[in-house]
Amino acid sequence: MTVRVSPELLKQVKGIALRTRGVIDTLFAGESRSVFRGQGMEFAEVRAYESGDDYRAIDWNVSARLGSPFIKTFTEERELTLLLMVDLSGSTRVGDPMPRAMRAVEIAAVLALAGVREQDRVGGLLFTDRVEHVVRPAKGRRHALRLIRDLLAFGPEGTGTDIGGALRYASKVLRHRGVVILISDFLGDGWDAPLKKLAARHDVTAVTIDDRREVSPAGDGWFEFEDPESGTRRLVDLGDPGARSRWTAAATARVAARDQRLRTAGVRQLPIDVSDDYAPLLRRTFSPRRRTARR
């Protein structure tokens, strides 16, 4: 894709970079370790267990063969690849106070700039019902700004969603263990198995972008709703307590089912509403101290 770099686009890129600079500084101030470093670990060797070692690292197969306890040791990958996967399907183009896609761009911008600040290689994969655009991983602030520019300027051709296809593509692109941040509303099917397969090799975080209006819609009376991906329209009487109750129950069940599917796939989930202040949520998820506690 050729991106037309207009003065207005450059202004938007600079605006996001300025807004997110403060977020990054407050998110990770005082941390001596990289934002993402330590999530990508490679097996090094086994050695004899010593007093004080973490028993959870014991390699039971080797210990059984040799008749004494041995533990697995790991080394952090020296060069980390961070892949930001951003869903730009039709359903992400709506939301209040901003479209889901715009919130996704801001979150991706924060993570991209945080990654390059720590000398990580950062890439992007934009998708709808197809892989629409790929920014190959590279280092440097100029590269991160180019990724943000592409996110802002990109006009997707598709309106549907194929998360599974995007995940399979990512599996082919990432030759070595990396960190994958998948930002989507997860309105689609067929992504469970590809996500589980990707998570078996890489550190995957699913950032789920929601709009709480979909669970509890505002307004009273008859409203016509349109599916932004299929174009299907439906009249709903939000003034009818029964109809409103069924709406809320269906939306709540969908979110719960999605969250369960993510847990089954073995990925970390970061739930964000379009109206949320996402900075503290990012801090809690990506804090090096929190990762240490998880391992």
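The values are calculated or read from the model by the stated rules, or taken from the named source; none is laboratory data. Here the structure is a predicted model, which is why all the values come from computation and not from measurement. So basically every Cβ, Gly included, is an ideal-geometry build from the backbone, and we count neighbours across all protein chains shown.
You will find that of Asp129, Asp96, Asp150, the residue that is touching a residue at least 12 places away in the same chain (Cβ under 8 Å), surrounded by fewer than 23 Cβ atoms within 10 Å (Cβ to Cβ) and farther than 20 Å from Val173 by Cα is Asp96 and no other. Candidates Val122, Val105: the one that is in a helix (DSSP H, G or I) and among the β-branched types (Val, Ile, Thr) is Val105. Among residues belonging to the stretch 262-295 that are at pLDDT 85 or above and among the hydroxyl-bearing types (Ser, Thr, Tyr), point out the one that is farthest from Leu187 (Cα to Cα). The residue in question is Tyr278. Close Cβ contacts (under 7 Å, 6 or more residues apart or on different chains) running from residues in the stretch 176-193 that are over 18 Å from Gly124 (Cα atoms) to residues that are modelled with pLDDT under 95 and not acidic (Asp, Glu) comprise Leu187/Ser91; Leu187/Thr161; Gly188/Thr161.
The residue pairs whose first member lies in the stretch 243-259 and is surrounded by 15 or more Cβ atoms within 10 Å (Cβ to Cβ), whose second member is of a type in the set (D, E, K, R) and assigned to a helix (DSSP H, G or I), and whose beta carbons are closer than 6 Å, counting only pairs six or more residues apart or on different chains, are Ala251/Glu214. In the set Ala206, Ala193, Ala200, Ala170, only one residue is assigned to a helix (DSSP H, G or I) and touching a strand residue (DSSP E or B) at 6+ places or on another chain (Cβ under 8 Å); that residue is Ala170. When you look at Gly239, is it touching a residue at least 12 places away in the same chain (Cβ under 8 Å) and closer than 25 Å to Trp191 by Cβ, yes or no? No, not satisfied.
Here is a yes/no grid of residues against (1) within 20 Å of Leu167 (Cβ to Cβ); (2) of a type in the set (D, E, K, R); (3) at pLDDT 85 or above:
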residue	(1), (2), (3)
Gly188	yes, no, yes
Trp191	yes, no, yes
Asp203	yes, yes, yes
Ile209	yes, no, yes
Arg212	no, yes, yes
Val215	no, no, yes
Asp227	no, yes, no
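Tell me, yes or no, whether the stretch 270-281 has at least one residue that is closer than 30 Å to Glu157 by Cβ, in contact (Cβ under 8 Å) with a residue 40 or more places away in the chain, surrounded by 16 or more Cβ atoms within 10 Å (Cβ to Cβ) and of a type in the set (Phe, Trp, Tyr). Yes, because at least one residue in the stretch 270-281 is closer than 30 Å to Glu157 by Cβ, in contact (Cβ under 8 Å) with a residue 40 or more places away in the chain, surrounded by 16 or more Cβ atoms within 10 Å (Cβ to Cβ) and of a type in the set (Phe, Trp, Tyr).
Restricting attention to the stretch 229-237, does a residue exist that is at pLDDT 85 or above and over 14 Å from Ile209 (Cα atoms)? Yes, that holds for at least one residue. Contact annotation: residue pairs with Cβ atoms under 9 Å, 6 or more positions apart or on different chains, pairing a residue in the stretch 38-53 that is at pLDDT below 60 with a partner that is among the aromatic types (Phe, Trp, Tyr), are Gln39/Phe286; Met41/Phe74; Glu42/Phe74.
Is it the case that the stretch 210-232 has a residue that's assigned to a strand (DSSP E or B), touching a helix residue (DSSP H, G or I) at 6+ places or on another chain (Cβ under 9 Å) and under 26 Å from Ser275 (Cβ atoms)? Checked against the condition, which is being assigned to a strand (DSSP E or B), touching a helix residue (DSSP H, G or I) at 6+ places or on another chain (Cβ under 9 Å) and under 26 Å from Ser275 (Cβ atoms), the stretch 210-232 yields at least one hit.
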